[in-house]
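Structure record follows, encoded as structure tokens.
The values are calculated or read from the model by the stated rules, or taken from the named source; none is laboratory data. On a predicted model such as this, the values are computed, not experimentally measured, just so you know. For neighbour counting, all protein chains shown are included, and Cβ atoms are generated from backbone atoms with ideal geometry for every residue, glycine included. When the accessible area is computed, the model is the full protein with side chains, heavy atoms only, and any ligands, DNA or RNA have been set aside. Shrake-Rupley method; radii C 1.70, N 1.55, O 1.52, S 1.80 Å.
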Amino acid sequence: MYIIVDDRESVTNSYVGGLVREGVSSIGFSSGEFWDWLQSASESDLAAVDAFLLGDCDGRGALPRAMRKRSSAPIIAMSGQKMLKNTLELFESGVDDVVHVPIHLREILARTAAIARRRVGELPRPCETRIQVFFNGRDPEIAGHALTLPRRELRILEYMVSNHGKWITKTQIFNAVYGIFESTFDESVIESHVSKLRKKLRDRLGFDAIVARRYVGYRLNIPAGETLDEPMQDLDEVGILLNRAHVAPTAYPAGN
């Protein structure tokens, strides 16, 4: 889930709508609303946040450090001023990256994934893996061939790759895919999504890549030796590749 903080309602609505079209759950807050939410949010709610997008709002200089005290999710500042002084001030405030609007949302998704990748260390070269997930809206690839997935299933696969080797609960997946404020759907919908995704991966890989355990949840499990070129040692060998060349040129307006 992405959280957009901006005091301009038209801007938050634009980004929320764009992210939803990309299959990513999101919600927009004004700075005042966000301060209130940040202080009261539970640990499980904060764990569902993929990134914070910080726009034009009151107290922007103090928000990043307050966010970091409660969450390790990437903080990306969206700036309408292409001035070095402004960019440096944003970095000094504690953000992980600064982007200048207008910018396509797929680039923001790719930047978020890049920040997360740097934090966990470098991963193997994509040619060494069976599954490649791009985190920018592009279809994943298995053994070099695209696997077309509905956006919910793609989001689940992305979340599982981001948490490879870990047991994740149905609630965690639901929060990541639908958002912590979703009330239209029930968590049981995740069982159907995972079942369909599991079958598609099994058909392409020849084995069950998703392990399910009652009362525990799900885990992405790539057995040793399931690589293209050389044996895989553990789940850290699941590949993440960012390919900026496939980012579409369409940009979202700054909303001024």
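Quick notes
- 1.4 Å probe accessible area per residue over region 131-220, in Å²: 47 Å²
- Relative to the current alpha-carbon distance between residue 171 and residue 212, full extension at 0.36 nm per residue lengthens the span by 13.4 nm.
- Extension gain, residue 107-residue 181: 0.36 nm per intervening residue step, less the Cα-Cα distance, totals 24.1 nm.
- Solvent-accessible area per residue in region 2-120 equals 44 Å², computed with a 1.4 angstrom probe and all protein chains kept.
- Carbon-plus-sulfur accessible fraction, region 131-220 (probe radius 1.4 Å, protein heavy atoms only): 46%.
- Computed over region 131-220, the range of Cα coordinates on each principal axis works out to 37, 27, 20 Å, biggest value leading.
- Computed lengthening from residue 42 to residue 199, 0.36 nm per intervening residue step minus Cα-Cα distance: 53.1 nm
- Distances between every pair of Cα atoms in region 2-120, grouped in 10 Å steps from 0 to the bin holding the largest one, split as 13, 51, 34, 3 percent.
- Entries in 166/199; 170/200; 82/166 that, when Cα-Cα distance is taken, lie over 30 Å: 82/166
- Residues of region 51-92 falling in the label zone of residue 13, defined by backbone nitrogen less than 19 Å from a point 7 Å along Cα to beta-carbon, are 55-57.
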